[in-house]
1. Multiplying the sequence separation of Glu42 and Arg71 by 0.36 nm and subtracting their Cα-Cα distance, what value in nm do you get?
2. What whole-number value in Å² describes the accessible area per residue of region 43-115 for a 1.4 Å probe?
3. What's the magnitude of the charge dipole for the chain around its Cα centre, counting Lys and Arg as +1 and Asp and Glu as -1 at the beta-carbon? Answer in Debye, nearest 20.
4. Keeping the other protein chains in place, figure out the carbon and sulfur percent of the accessible area of the chain, with a 1.4 Å probe.
5. How many percent of DSSP beta bridges within the chain run antiparallel, rounded to 5?
6. So, in nm, how far is label Glu56 from label Val125 when the simple model puts each one 7 Å beyond its Cα toward the Cβ?
7. In whole Å, what is the distance between the alpha-carbon centres of region 115-154 and region 83-100?
8. Specify which labelled value, from (1) 24, 18, 16; (2) 29, 19, 11; (3) 26, 21, 17, agrees with semi-axes √(5λ) of the Cα gyration tensor in Å derived from the coordinates of the model shown.
Amino acid sequence: AGRRLVMINVHLKSKRGDDRIFGSIQPPVPWTETQRLAQARELGVQVDALLERDPELMILVLGDFNDHEFRPPLRLLAEHALNNLIERVPAESRYTYNYEGSSQVLDHVLISPALDRCDPRTEIVHANADLPDPRRSSDHDPVLASFDLRCRVN
């Protein structure tokens, strides 16, 4: 229908180097978070530039953010008109990764307001995180997102 969809796939800095969740240092220090925060700032600048040119642009930002929805990098992106579809997944299903017995969300799907009007649906397929290592195809669960792109943008 002549409309554009911009998709940005991300893989932010890993948590390798952070204090262990259940380690001797409590509370644990997320040393690598400053790098993810810088990456999120740059991503926000890019999203703002796209939306400044076209406020009705459908933008989809997704991937391994290596951080939780309540941590500063994801909170920062919410300030750039991006809605996190992961927050709409029921709490009991809201995890994509399991580290040392701690289920957590590291993978996210963020969308612009125009795409949010296109009946977004999100589901996390628990195909890996609940399995022992030898049976996993990945250490992350896939996240499915669907939209009705026949939607009205304005």
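The values are calculated or read from the model by the stated rules, or taken from the named source; none is laboratory data. Please read all numbers here as calculations on a predicted model, not as lab measurements. With ideal geometry, Cβ positions are generated from the backbone for all residues, glycine too; neighbour counts draw on all protein chains shown. The area values use the complete protein model at the heavy-atom level, side chains included, leaving out ligands, DNA and RNA. Shrake-Rupley method; radii C 1.70, N 1.55, O 1.52, S 1.80 Å.
1. On the way: separation 29, 0.36 × 29 = 10.44 nm, distance 1.66 nm.
Here the answer is 8.8 nm.
2. Numbers: 2990 Å² over 73 residues.
Heavy-atom SASA per residue in region 43-115 reads 41 Å².
3. Working: 19 positive and 24 negative charges, 55 e Å.
Magnitude of the dipole: close to 260 debye.
4. Values: 4610 of 8850 Å².
Answer for the chain: carbon and sulfur cover 52 percent of the accessible area.
5. Details: 15 of 22 bridges.
Looking only at bridges with both residues in the chain, the antiparallel portion is about 70 percent.
6. 3.4 nm
7. Region 115-154 and region 83-100 have Cα centres spaced 10 Å from each other.
8. Read-out from the structure maps to (2).
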